[in-house]
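Taking it in order: structure first as structure tokens, then the write-up.
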Amino acid sequence: MLSASFSNQKVSIVAEEDVQTLSNSDSVGLLTAVVNTVNECLAEAPKYGLQSPKEALGTSQILEAISRCNSTGGRNGRHWVLDPVDGTLGFVRGDQYAVALALIEEGKVVIGVLGCPNYPRKKEWLNHHQSYQSMPKMSDTSDTWEKGCVLYAQRGSGEAWMQPLIHGNKKHTWSNSAQRVQVSAIDDPALATFCEPVEKANTNHSFTAGVAHSMGLNKQPLRVHSMVKYAAIARGDAEIFMKFAQSGYKEKIWDHAAGVIIVEEAGGVVTDAGGHPLDFSGVCT
Ligand SMILES: Nc1ncnc2c1ncn2[C@@H]1O[C@H](COP(=O)(O)O)[C@@H](OP(=O)(O)O)[C@H]1O
Ligand SMILES: [Mg+2]
């Protein structure tokens, strides 16, 4: 769809997933499920003002499309960055996960789109995995939850936008449902909430607890899977996001690009631990 939208240009896409697992001979069931899901989604394209392919795509066409997402990005030119399922653990637990797409031009993120299918109606429910039994199940019908949103922003616009997810058979209309989002106005650390990854393996919880204490943050951290944390900051549902990976772990651009630009255009600031802007110009290997 990206190449069709850009006059069939060869688009450069840097993406987390590749076709290796799907191409294994013991992954036939998984591959069939992927092919069916892709075709079901494509059939819904007209709901969003896009064209569906005339016929359902075959297995080899879908594998070919995924294998095109093999760019390594870099400092020059234009690269799309895709994380089809960010927060894999959250996804398999029926909890928070995100679908993230960003456009990088000459090493700078210029567009970000962040789908958060399970973003709850009440921000308190973001934390629901901590009291899983007492909360409504994520598998409840979308109408009950009215959950899910897509956030997007363009560099330099000074605006970030949120569109609720469409439920049921409703048709998407651009004009009536997008709302502008802005970061929280709270500047008293005692009233601020910080969010961080759920998984201890992905951040140092005791270090962030120390930082929080020294900053005067009193509230319990909001632990959320995936880039939904960036969404929470952009929407003003939390004030701070901290992640300190173990030394040696190299952060991936697809885990940040879309979230960073959305938070920045919503009025926030994103830096590395040294206070420098994040670098999206590296080559991904
Ligand atoms: N040891 C590690 N330290 C920090 N981040 C890690 C990590 N191992 C994996 N990750 C990244 O953290 C992302 C999840 O972020 P979070 O912990 O905030 O939910 C993962 O995205 P995927 O789930 O798309 O692979 C993965 O890219
Ligand atoms: Mg990810």
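The values are calculated or read from the model by the stated rules, or taken from the named source; none is laboratory data. Values in this document were obtained by computation on a predicted structure and should not be read as measured data. Glycine gets a Cβ as well: all are built from the backbone with ideal geometry, and neighbour counts include every protein chain shown. Ligands, DNA and RNA are excluded from the accessible area calculation, which covers all protein heavy atoms including side chains. Shrake-Rupley method; radii C 1.70, N 1.55, O 1.52, S 1.80 Å.
In segment 209-217 there is no residue matching the filter, namely being within 16 Å of ligand 2 (Cβ to nearest atom), free of Cβ contacts under 8 Å to residues at least 60 places away in the same chain, in contact with a Pro (Cβ under 8 Å, 6 or more places away or on another chain) and open to solvent by 50 Å² or more (accessible area, probe 1.4 Å). Inside segment 218-240, residues that are in contact with a helix residue (DSSP H, G or I) (Cβ under 6 Å, 6 or more places away or on another chain), open to solvent by less than 60 Å² (accessible area, probe 1.4 Å) and away from ligand 2 (no atom under 16 Å from the Cβ) make up a count of 5. Just so you know, in segment 178-200 the residues that are open to solvent by 70 Å² or more (accessible area, probe 1.4 Å) and assigned to a helix (DSSP H, G or I) include one that is nearest to Y152 (Cα to Cα), and it is L191.
Residues that are open to solvent by 50 Å² or more (accessible area, probe 1.4 Å) and in contact (Cβ under 8 Å) with a residue 60 or more places away in the chain within segment 17-67 comprise E17, Y48, G49, listed in sequence order.
Taking the criterion of being under 16 Å from K252 (Cα atoms), in contact (Cβ under 8 Å) with a residue 60 or more places away in the chain, of a type outside the set (A, V, I, L, M, F, W, C) and surrounded by fewer than 23 Cβ atoms within 10 Å (Cβ to Cβ), the residues of segment 80-116 that qualify are P84, G107, K108. A Cβ distance below 7 Å, combined with a sequence gap of six or more or placement on separate chains, defines the contacts here; from segment 241-257, residues that are within 12 Å of D279 (Cβ to Cβ) and more than 9 Å from ligand 1 (Cβ to nearest atom) reach residues that are open to solvent by less than 80 Å² (accessible area, probe 1.4 Å) and part of a loop (DSSP other than H, G, I, E, B) in the pairs I253/F280; I253/C284; H256/L278; A257/F280. Would you confirm whether any residue within segment 265-279 is within 16 Å of ligand 1 (Cβ to nearest atom) and open to solvent by less than 30 Å² (accessible area, probe 1.4 Å)? Yes. Of all residues in segment 245-263, how many are open to solvent by 60 Å² or more (accessible area, probe 1.4 Å) and away from ligand 2 (no atom under 16 Å from the Cβ)? Final tally of qualifying residues: 3.
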